[in-house]
Amino acid sequence: MQILLFLLILTVVVLVHEWGHFAAARFFKIKVEEFGIGFPPRMLRLFKRGETEYTINWLPIGGFVKIYGENGEGQEVKDERAFWSKPVWQRAVVLVAGVTMNLVLAVVLFGTVYSILGVPAMIDGVRVLEVSEGSPAQTAGLEEGVIVTSLVTNEGELVIKGSEGFVEKLRENLGEEVVLKIKEGEEVVEKKVTLRSDPGPNEGALGAVVTDTELTKYPWYQMPFRGVWVGFQEAFAWGREIVVGLGGMVYQLVTGQGLPKDIAGPVGIYQISNQAREAGWMAVLQFVGILSVNLMILNLLPFPGLDGGRLLFLGIELVRGRKLREDVEGWINMAGMMLLLGLMVVITFNDVVRITGGWMGIQEKLQSWF
């Protein structure tokens, strides 16, 4: 069941991307030869509509669209329906259409989740979501669900405006006794807490999980619009996070530090999808939205073999006034794809090593199989 869900998630995200290319190509009257679910070899042809074959293929990991002239076909007969024969701006629109559909998918999924569960809204203070066993928060009698409005330290009183400022102030007072002002109905109750002096890697000074937002419901006719707007913001927030993460990965590779330990390949994504399924279908929808944003950002990178790389070649064509030779562009794209595949193999190996606990873990796992 989990493998089927994982393959379905990948297929949906990739097919939506490819459908964007397909729809834009059809709009500009570019011939589309095939729209395939999965990757070759071909399993069967579902049907043929117009000039396009719709197929199912044996490798169930996404899909593809085969656009006539994308790799220079038809130049000898100067076919006006070939991709290469269209103006640069039309080819650019076809290339960008894929990532645009990934953005649309992410916004729709995030918007659906928020339309159902509620729209995040800032609260005055921070709400306690969870109190750890044996933590300073539990010792002080802090309960889940209460709202902390201010924090009193030796430096004075801090009116809490958000969780980041609250957590930062706690870090500045490790080992100290502080006072939390808690709102209970119309009253404000004070609780003294002695913070941890040396929190562990997965612990905080207080030992509580807090949030500065809560899900708010509006009239039913407003929820879809509010949900989509917040979904749009969420998609861009994830896009920013992914760009920062990619920048960090590139920096570590260039400086010889290797790949970040927390980067995930197919095996890691499979593991995360399982965690999302266990958390519920709303978590699955959010995970698919994040994957869609990730595919959008990756494809926009100006790297050979990706949509961003093809857009870069279009930019070069505009500057030079003519295209690069087809064989040169083809070899560059092929080299780029080989590098990407090599990187994916390394990332997948890192996934396996991390999940199994190192090389010895891999050996033990293999021995258990045979």
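Please treat every number below as a calculation from the coordinates, not as lab data. It should be emphasised that the depicted structure is a prediction, and the values quoted were computed from it without experimental measurement. Reconstructed Cβ throughout: ideal geometry from the backbone, glycine too, with neighbour counts over all protein chains shown.
Between Met43 and Ile56, Asn57, Trp58, the built amide H atoms are under 5 Å apart, and every one of these is 5 or more places off in sequence or on another chain. Dipole magnitude for the chain: about 1800 debye, using +1 per Lys or Arg Cβ and -1 per Asp or Glu Cβ, origin at the Cα centre. For the chain, a Gaussian network of Cα nodes joined below 10 Å ranks Leu15, Leu117, Leu151 by mean-square fluctuation, and the top entry is Leu151. Put a dot 7 Å past the Cα of Arg171, heading toward its Cβ, do the same for Asn71, and the two dots end up 5.1 nm apart. Counting only alpha carbon atoms, the long axis of helix 266-279 and the longest principal axis of the chain meet at about 50°.
Available extension along the chain between Thr211 and Asn154 is 18.1 nm, counting 0.36 nm per residue and deducting the alpha carbon span.
Taking the Cα centre of segment 120-216 as reference, the dipole from Cβ charges on Lys and Arg (+1) and Asp and Glu (-1) amounts to some 80 debye.
Within the listed set Ala140, Ala335, Ala82, the residue fluctuating most in the Gaussian network model of the chain (springs between alpha-carbon atoms under 10 angstrom) is Ala140. Of the peptides 203-213, 273-283, 289-299, the ranking by mean beta-carbon count within 10 Å, highest at the top, reads 289-299, 203-213, 273-283. So the label point goes 7 Å from the Cα of Val188 along Cα→C-beta, right? Which residues of segment 126-164 then have their backbone N under 18 Å from it? 126-128, 146-163, by backbone N distance to the label point. Once backbone amide H atoms are built at 1.01 Å from N, Gly305 has Arg310 as its partners under 5 Å, excluding neighbours fewer than 5 places away on the same chain. Here Arg42 and Glu278 are evaluated by their C-beta separation; at R0 = 30 Å the FRET efficiency comes out at 0.25. Rounded to the nearest 0.05, the FRET efficiency derived from the C-beta distance between Ile316 and Ser85 at R0 = 25 Å is 0.85. Answer with one residue from Ser273, Leu215, Val14: the one whose Cα lies farthest towards the positive end of the charge dipole of the chain, charges on Cβ with Lys, Arg +1 and Asp, Glu -1. Going by the Cα projections, it comes out as Val14. Principal axis analysis of the Cα atoms in segment 181-223 yields extents of 50, 31, 8 Å, listed in decreasing size. Sorting 50-62, 88-100 by their mean Cβ neighbour count within 10 Å, with the most densely packed peptide first, gives 88-100, 50-62. Taking the Cα atoms only, what angle lies between the long axis of helix 223-254 and the longest principal axis of the chain, rounded to 10 degrees? With both axes taken from Cα atoms, the answer is about 80 degrees. Annotation: amide H of Gly63 within the under-5 Å range of Gly38, sequence separation 5 or more or interchain, hydrogens built in the peptide plane.
Using the Cβ of Met296 as centre and a radius below 14 Å, the other residues enclosed give a net charge of -3, where K and R count +1 and D and E count -1. Rounded to the nearest whole Hz, the Karplus-based 3J(HN,Hα) values (6.51 cos²θ - 1.76 cosθ + 1.60, θ = phi - 60°) of segment 316-323 follow the sequence 5, 4, 5, 5, 7, x, 7, 6, with x at glycine and proline. Within the same chain, lysines fewer than 8 places from Lys31 are excluded, and of the rest, those with a Cα less than 23 Å from its Cα are Lys48, Lys66, Lys78, Lys86, Lys323. Highest mean packing comes first when the peptides 105-113, 302-310 are listed by Cβ atoms within 10 Å, giving 105-113, 302-310. Rounded to the nearest Hz, the phi-derived 3J(HN,Hα) couplings of segment 155-164 under the Karplus curve 6.51 cos²θ - 1.76 cosθ + 1.60 (θ = phi - 60°) are 8, x, 9, 10, 6, 6, 10, x, 5, 5, where x marks glycine and proline. For segment 169-179, the Karplus equation 6.51 cos²θ - 1.76 cosθ + 1.60, evaluated at θ = phi - 60°, returns couplings of 5, 5, 4, 6, 10, 4, x, 8, 8, 10, 10 Hz by residue, with Gly and Pro reported as x. If the segment from Glu203 to Val328 were pulled out straight at 0.36 nm per residue, it would be longer than the present Cα-Cα gap by 39.6 nm. Cross-link partners of Lys169 among aspartates and glutamates, defined as those whose alpha carbon lies under 20 angstrom from its own and excluding same-chain residues fewer than eight positions apart: Asp124, Glu130, Glu155, Glu157, Glu177, Glu190, Asp198, Glu203, Asp212.
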